[in-house]
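Read through the structure below, which is laid out as structure tokens, and then see the notes.
No lab work stands behind these numbers, since they all come straight from the coordinates. Note that the structure is predicted; figures quoted are calculated from it, not measured. Please note: Cβ atoms are built from the backbone with ideal geometry, for glycine as well, and neighbour counts cover all protein chains shown.
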Amino acid sequence: MRQIFSLTTLLFSTFLFGQDVNFNQVNLTNIYSNPALTGVNGQQKISAAFRNQWPGLSGNLGSVFISYQNGQNKFGNIGAYAMNTSFAGSFNSTRAGLNYAFPISITEDLTITPGLSGSVINDRIDFSKITFGDIANPRIGALYDITDPQSLKENTLSADFSGGLLVTYKNFFLGTSFNQWGSIGLQSVFNTYTNFGASFNLLDNDLVLIPEISYSTLSGFQRMEFKVSSQYKWAKLGLEYASRDGFSFVTGAQIGQFEALFSSEMIISPLTNNFFNAYELGISFNIKGSKSQDTKPTYQYSLF
């Protein structure tokens, strides 16, 4: 009976430094991690990602993310996404969002891009599969009040707003996002994400190397990550070390307009000091004629 509660608590602990689901492949889920990244570098693409949080456990978390973004418009960059998350067979959450970002060229080398995202979330829980009193909503991290009938709704609708900023100067980038700062209905957990890095083109531009540091917060918890992303011709590789609780890697290929990625993350549970694996698969299609296909960008954002 307490196993599901432990898994719920662990689930919340893995959310400590990300959004509802901590997708590692930020270049595929960028419009979710930071709205300012919508259509970055003039991208016009369709992406999909699947994440399995705890393979082999009955209380695992699975999430599917699909998105479209267009950075070709003079009036600004637009994007849309949908995500479905299920947990332990008892909780299911579906989110749909719209994004807008507007790049502002300050100088030839300096660009500032603010972004905004609004999303609608439908949470569904099957209370017949919960056999204990401590019932938690894993998305918002709050316990249901079993004495309040209004709290035990099997179907709830809410909305969230997120904002972000991207600053690029030559080959350096700084991104920051303020996620779920405004909620209507269920109060989502506010979190922030900031990263700073640089893109270096080497070997006649055949090799791109991107060292990066990121810092995230959620409800008083903090996490710092050290990352290196790279692309050599068609091959991609990324490595990440997260302070205190794990590391991950990303590998993949970009051939023509298609890009495929696989990532694995090992998390050290702060509750048990045990390792938990998470796997992610992603694919994207760059629509022909987009600016990102016509010219090589002066910088490339991280794989993470």
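Miscellaneous remarks
- Electrostatic bookkeeping for residue 278 treats Lys and Arg as +1 and Asp and Glu as -1; over the other residues with beta carbon under 11 Å from its beta carbon, the sum is -1.
- Label sites at residue 251 and residue 217, each approximated as a point 7 angstrom past Cα along Cα to Cβ, lie 3.8 nm apart.
- Segment 64-128 versus segment 223-266: alpha-carbon centroid distance in Å: 21 Å
- Among the listed pairs 170/236; 170/233; 129/227; 129/236; 45/129, a Cα-Cα separation exceeding 30 Å is found for 129/227; 129/236; 45/129.
- Modelled this way, with points 7 Å down the Cα-to-C-beta line, the labels at residue 258 and residue 48 are 1.2 nm from one another.
- Theoretical FRET efficiency, 1/(1+(r/R0)^6), r = Cβ-Cβ of residue 74 and residue 143, R0 51 Å, to 0.05: 0.60
- Sequence of 223, 124 once ranked by neighbouring C-beta atoms within 10 Å, starting from the fewest: 124, 223
- Counting neighbouring beta carbons within 10 Å and listing from fewest to most, the residues 189, 208, 250, 64 come out as 64, 189, 208, 250.
- The phi torsions of segment 102-115, fed into the Karplus equation with coefficients 6.51, -1.76 and 1.60 and a -60° offset, translate into couplings of 10, x, 10, 7, 7, 9, 4, 9, 10, 10, 10, 10, x, x Hz, rounded to whole numbers, with Gly and Pro shown as x.
- Burial ordering of 232, 193, fewest other beta-carbon atoms within 10 Å first: 232, 193
- Charge tally for residue 213 (other residues, Cβ to Cβ under 11 Å; Lys, Arg +1; Asp, Glu -1): -2.
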